[in-house]
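J.: Next up is a structure, given as structure tokens.
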Amino acid sequence: MKRRNIQSWLLALPALIALGVGYLVPLALAFYKSLFAGMSTNFVGLDNYTDLFTNYAFGLAVKNLLRLWCIAIPLNLVLGVLLAVLCVEAAGPRLRLAFFFPGILPAACVVMMATEGASLLGWEDTWTFHEESALVWLAIVLWKTLGYTVLICAAFLESIPGEILDAAKLDGAGFWQCLFRVRLPLIARGLGLCVILVIFNGYRCFREAYLIGGEHPHEELYSLQNFLQNNFSNMNYARLEAASILVVIGVFAVGLLLAALWKGTQRRGQS
């Protein structure tokens, strides 16, 4: 057993080195530099962090990000599960691949299609500078992340033994009872993975948001990426590094929260 553990660590060593060089070392340097004022050697401690919590633009970006997650995650899971059930029971594997197609489209194509859709709705050409731009961005995030949820949920649904569903149907369970009491509990791990992917892809869709609203979009569309980019353009590196550290801590905290919720769900299921 000891020899097997040593072999496992040796196999994982290249990945650990890449993680340290590519992520941990730059993160440590960013934290160190965030303790100084601007590009000088004037040590200010945590002043850059306290300044962020009182900064209006940073607070607006965090609020918009949390609102995006609160809307996009439930809609993504509901639509993804229903479409995955449809693919498994009726449509077959080809349809689920069609849902994955929007995720690989270039950002310019997605924005062009969104612009055409906005014109069909009768919106004015200046909709990118109004609240409607945030609705279009939300639709883009849902559209580009839905395929991942459909593929993952369909794979987990197909792994459920048919005897379990047949037994539930023999006991009189209908479609919705099988879905909520049999299928969803058995694919809970896949749903957790889908939540993580929606959170991650919410950051990746910044290119579309940037093409819609530019560097200074409407307040409803303003995101953390806009804040980071604007501070980089203004050469406010200390604030940029402090904000980057807070973003990493926030994402890590969300991951720990999801892991804790998953372990709690497993314990309740076992009991």
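J.: Would you kindly identify the helices (runs of 4 or more DSSP H) lying entirely within region 94-177 that contain at least 2 residues that are under 25 Å from the mean Cα position of the chain (by Cα), touching a residue at least 12 places away in the same chain (Cβ under 8 Å) and buried (at least 16 other Cβ atoms within 10 Å of the Cβ)? Working first, answer last.
T.: Working: elements: 107-120, 132-158, 162-170.
Once the helices (runs of 4 or more DSSP H) in region 94-177 are filtered for at least 2 residues that are under 25 Å from the mean Cα position of the chain (by Cα), touching a residue at least 12 places away in the same chain (Cβ under 8 Å) and buried (at least 16 other Cβ atoms within 10 Å of the Cβ), what remains is 107-120, 132-158.
J.: So is residue 66 in contact with a helix residue (DSSP H, G or I) (Cβ under 9 Å, 6 or more places away or on another chain), hydrophobic (A, V, I, L, M, F, W, C) and part of a helix (DSSP H, G or I) or not?
T.: no
J.: Which one of these is under 24 Å from the mean Cα position of the chain (by Cα) and under 11 Å from residue 238 (Cα atoms): 37, 30? Quick ask: steps written out before the conclusion?
T.: Values: 37 fails: under 24 Å from the mean Cα position of the chain (by Cα).
None of the others qualify; the one that does is 30.
J.: Given 36, 101, 58, 53, which one is out of contact with any Phe, Trp or Tyr (no Cβ under 9 Å at 6 or more places or on another chain) and closer than 30 Å to residue 231 by Cα?
T.: 53
J.: Against the conditions (1) closer than 23 Å to residue 56 by Cα; (2) under 18 Å from the mean Cα position of the chain (by Cα); (3) crowded, with 16+ Cβ neighbours inside 10 Å, where does residue 203 fall short? Just the number, please.
T.: Here residue 203 meets the rest and fails (3).
Conditions tested, residue by residue: (1) within 21 Å of residue 50 (Cβ to Cβ); (2) touching a helix residue (DSSP H, G or I) at 6+ places or on another chain (Cβ under 9 Å); (3) at pLDDT below 85; (4) surrounded by fewer than 14 Cβ atoms within 10 Å (Cβ to Cβ).
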{"position": "216", "(1), (2), (3), (4)": "no, yes, yes, yes"}
{"position": "227", "(1), (2), (3), (4)": "yes, yes, no, no"}
{"position": "233", "(1), (2), (3), (4)": "no, no, yes, yes"}
{"position": "237", "(1), (2), (3), (4)": "yes, yes, yes, no"}
{"position": "240", "(1), (2), (3), (4)": "yes, yes, no, no"}
{"position": "245", "(1), (2), (3), (4)": "yes, yes, no, no"}
{"position": "256", "(1), (2), (3), (4)": "no, no, yes, yes"}
{"position": "260", "(1), (2), (3), (4)": "no, no, yes, yes"}
{"position": "269", "(1), (2), (3), (4)": "no, yes, yes, yes"}
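J.: Looking at 53, 43 in this structure, which one is in contact with a strand residue (DSSP E or B) (Cβ under 9 Å, 6 or more places away or on another chain) and among the aromatic types (Phe, Trp, Tyr)? Explain how you work it out, then say what you get.
T.: Values: 53 fails: in contact with a strand residue (DSSP E or B) (Cβ under 9 Å, 6 or more places away or on another chain).
Only one candidate passes the filter, namely 43.
The values are calculated or read from the model by the stated rules, or taken from the named source; none is laboratory data. Keep in mind it's a predicted model, so treat the numbers as computed, not measured. Here Cβ is always computed from backbone atoms with ideal geometry, including for glycine, and neighbour counts include all displayed protein chains.
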